Amino acid sequence: MSRPYKERRVEHLPPFTNYKPAGSSSLNIEEVTLPIEEMETIRLADIERGIKISSHV
């Protein structure tokens, strides 16, 4: 028996469009695309751990 379908909503769009490790050149980084749902999952996990992401760059 499968789980019942649950509609999911993304509360906020991410404040950034690109992420990279600090101190590395953006020329040598492989691009990975994350769907909005995965970004929301990361945001919610950070909230559970008490990590607040600043919306300022």
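The values are calculated or read from the model by the stated rules, or taken from the named source; none is laboratory data. A quick note: this is a predicted structure, and the numbers were derived from the prediction, not measured. Positions of Cβ are backbone-derived with ideal geometry, glycine not excepted, and every protein chain shown enters the neighbour counts.
Worth a mention:
- Identity of the residue in segment 18-57, modelled with pLDDT of 80 or more and among the hydroxyl-bearing types (Ser, Thr, Tyr), that ends up farthest from Arg8 (Cα to Cα): Thr33
- If you go through segment 17-35 and pick out every residue that is exposed (fewer than 10 other Cβ atoms within 10 Å of the Cβ), out of contact with any helix residue (DSSP H, G or I) (no Cβ under 9 Å at 6 or more places or on another chain), on the phi < 0 side of the Ramachandran plot and assigned to a loop (DSSP other than H, G, I, E, B), you end up with 10.
- A Cβ distance below 7 Å, combined with a sequence gap of six or more or placement on separate chains, defines the contacts here; from segment 1-12, residues that are within 10 Å of Glu37 (Cα to Cα) and surrounded by 10 or more Cβ atoms within 10 Å (Cβ to Cβ) reach residues that are among the β-branched types (Val, Ile, Thr) and modelled with pLDDT of 75 or more in the pairs Val10/Ile36.
- Positions within segment 7-41 being among the polar types (S, T, N, Q) and more than 10 Å from the chain's Cα centre (by Cα), in sequence order: Asn18, Ser24, Ser25, Ser26, Asn28, Thr33
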